[in-house]
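**Q** My structure is below; once you've seen it, I'll send some questions.
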Amino acid sequence: MAEPTISVLIVDDHPVVRDGLRGMFESAAGFSVLGEAADGVEGVALAERLDPDVVLMDLRMPGGGGVEAIAELARRGSRTKVLVLTTYDTDADTLPAIEAGATGYLLKDAPREELFTAVRAAAEGRTVLSPAVASRLVSRVRNPAPRDEPLSAREREVLVLVARGTSNREIAAELFVSEATVKTHLTHIYGKLAVRDRASAVAAAYDRGILG
C-alpha cells in the first residue's frame, strides 16, 4: 500500500523561499502543498481553513511572527503539527517556539532529505530538532540559569509593565524598542525566575519581592 500523502502549509515572508519549498515538496512523492502564507496571522487563518498535517513555520515575519502563530494554533486546539523552519537558533528563538507548541525546529540549511524526514516525523507527532538546536537545549537543561540570578534594570521595567497587563507591542512602544527585544527580555526573565509564561513570572516576582 502507498503511504498516505502528507499535506503541508508553508508560512514564510520571503516569496523565493516559499517558491523553493513548494517546488521541493511538490516534486517529491508523498507530499501535497495546500497553500502559502506570508506571516503568522495569515498562516493561522489558512491552517484553520485548510487543515494541513504540517505547517512549515518561519519565526521572524513582519505582520505576525511564528511564535505567536504557534501559540494561537495551540490555543485553538488545532490538530496541525508545526515544524519551525528558520535561520535562527538562539535561545531567544528556540525556547519560546518550543514552549509555544512547535513539534520540531529545523534550520533552513538542512539537507532536502532531512527536511522530508522531519516533516514525516512531525506529521506523526514526533519531536524533531536540528543537531544545533538539540545541543543548545541539552546545554540549557544541564546548566539552567540560577534561580537567584538578579533581573537587570530593563528586565524589571518589562516585568512591571507585564504585571499591568501591557501587551508586547505596547511595551515595545513605551520603552522605544522592538517587539523582538521585548520577547528576548521576557525569555531572560522566564529563565531567571524558572517560569514558562507571563502570569507565572508576575506571580514569582511578587513572591520574591521583586514586585510590590
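The values are calculated or read from the model by the stated rules, or taken from the named source; none is laboratory data. Bear in mind the structure is a predicted one, so any value in this text is a computation, not a measurement. With ideal geometry, Cβ positions are generated from the backbone for all residues, glycine too; neighbour counts draw on all protein chains shown.
**Q** Can you pull out the helices (runs of 4 or more DSSP H) entirely within the range 33-111 that have at least 1 residues that are under 17 Å from L137 (Cβ atoms)?
**A** 66-75, 91-100
**Q** Has the range 88-101 got at least one residue that is more than 25 Å from V195 (Cβ to Cβ) and either in contact with a Lys or Arg (Cβ under 7 Å, 6 or more places away or on another chain) or not assigned by TED's automatic domain parsing to the domain that holds G191 (or both)?
**A** No.
**Q** Give the range 8-40 a look and list any residue that's surrounded by fewer than 19 Cβ atoms within 10 Å (Cβ to Cβ) and either of a type in the set (F, W, Y) or closer than 12 Å to R120 by Cβ (or both), or say none.
**A** Answer for the range 8-40, where residues must be surrounded by fewer than 19 Cβ atoms within 10 Å (Cβ to Cβ) and either of a type in the set (F, W, Y) or closer than 12 Å to R120 by Cβ (or both): A28, A29, G30.
**Q** Right, something else. Those residues that are surrounded by 19 or more Cβ atoms within 10 Å (Cβ to Cβ), more than 16 Å from V119 (Cβ to Cβ) and over 11 Å from the mean Cα position of the chain (by Cα), I need them from the range 47-63; list them, please.
**A** M61
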